[in-house]
Every structure is written in C-alpha cells, then in structure tokens.
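> Input: one structure, supplied below.
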Amino acid sequence: MNGMAPQLRTDRLFLDEITEQDTELIVTWRSDPEVYKYFLFPHLLKAEEHLKWFRDKYILDGNRLNWMAVTKAKGEHIGVFGIKRQENNLASVEVSYLLAPEYQGKGYAREALGQVMWYAEKVWGAKEAVAEIHAENKESLKFARNLGFEYLRKTGDFALYIRKL
C-alpha cells in the first residue's frame, strides 16, 4: 500500500486502500469478459500481472489512490474505486470504478464514488473529475450521467465525461 489513502466512510461502506490481499477479488472482477471488453487494453487479467502493477506502479505512484469498498453491515468486499491526478492538469482527477455484479443497482457505487470525489476535492484540491468510458458501456455511461458528469468528447472507442467538483 502506498500509505496515502485514509479510510473513508459512507453510510453503508468502509473504503480502505487496496492491498496485495485484494488481488484475488480484483482479478476475479476485472477478468469477467463482460467487464474487460470495455477496458482500454481488454484482456483476461492474471494475478501475476495485477501484482506486478501493484508493486511496480501503484505503490510508487503518489498521483493515484484506489479504495476497496467493504459493506459495514456484513464486511463484504464489493468493489474498487479510484482517483488519479491528470498529468497535465493537477486540478483534474480521473475517476475509476469497478463494482462486483451482485452489488450493482443498489446505490453502492454512487455512495463510494461520491466519497472518493469528495476526497479528491477537499484533500487534493481537485476542481473537476473526468471519466473515460467505453462508448458501448451503456450502464457506465448512464451511471456517470446520473452522477452529474457531462459529455465532453469522443476519442476512438471512448467517451470523455467531466464533472465540476
């Protein structure tokens, strides 16, 4: 863990920085073909690849934070939510989210990402959040619009959405 992310809380969730122990869950969620087909580099993720990224990139990157969302009620790990400072504009963060399928449609992602964006604004001083979403990922596009993100432009297969914080 890069030790930069404090625990965040919402009404129903604890958000703790991801660790190596989260690898199996993250790989499982990220390796679903219905999920990875919307990634920039769509492929089946293996544990070794995730761990290499975690050890060689994530823990050294002071411009990125990822939290594992855990339900307060039952301690269930349900998804990963993150922010990354934009290299050319530190007042802008890119948000990311990955929610286990069985927890979708219950408001957890809205709750978690809302808290993550609050952190980006209040602690990092970000003024805007962007989401880069595959243009065919209808659920993610709908989710972003419901959170107040507005369409900015399309680049290749991806649409860029923006929201003021």
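> Return the residue satisfying two criteria in turn: it lies in the stretch 66-79 and is among the hydrophobic types (A, V, I, L, M, F, W, C) and part of a strand (DSSP E or B), and of such residues it is most open to solvent (accessible area, probe 1.4 Å).
V70
> Among all residue pairs at least 6 apart or on different chains, which show Cβ distances below 7 Å where the first residue, located in the stretch 144-155, is under 19 Å from L98 (Cβ atoms) and outside any helix (DSSP H, G or I) and the second is at pLDDT 95 or above and open to solvent by less than 100 Å² (accessible area, probe 1.4 Å)?
If the second residue must be at pLDDT 95 or above and open to solvent by less than 100 Å² (accessible area, probe 1.4 Å), the pairs left are L147/L113; L147/R163; F149/A131; F149/Y161; F149/I162; F149/R163.
> Could you give me the residue pairs with C-beta distances under 7 Å whose first residue belongs to the stretch 18-36 and is closer than 15 Å to G82 by Cα, whose second residue is among the hydrophobic types (A, V, I, L, M, F, W, C) and open to solvent by 60 Å² or more (accessible area, probe 1.4 Å) wherever it lies, and which are 6+ apart or on separate chains?
T19/M1
> Give the residues of the stretch 31-42 that are under 15 Å from the mean Cα position of the chain (by Cα) and modelled with pLDDT of 95 or more, sorted by residue number.
Within the stretch 31-42, just Y38 meets the criteria.
> Residues to consider are Y36, Y103; find the one that is open to solvent by 20 Å² or more (accessible area, probe 1.4 Å) and touching a Pro at 6+ places or on another chain (Cβ under 8 Å).
Y36
> Could you list, in sequence order, all residues of the stretch 93-116 that are without any contact (Cβ under 8 Å) to a residue 60 or more places away in the chain and polar (S, T, N, Q)?
Hits for the stretch 93-116 are S96, Q104.
The values are calculated or read from the model by the stated rules, or taken from the named source; none is laboratory data. Worth saying up front: this structure is predicted, and the values here are computed from it rather than measured. So basically every Cβ, Gly included, is an ideal-geometry build from the backbone, and we count neighbours across all protein chains shown. Heads up: the accessible areas ignore ligands, DNA and RNA and are worked out on the full protein's heavy atoms, side chains in. Shrake-Rupley method; radii C 1.70, N 1.55, O 1.52, S 1.80 Å.
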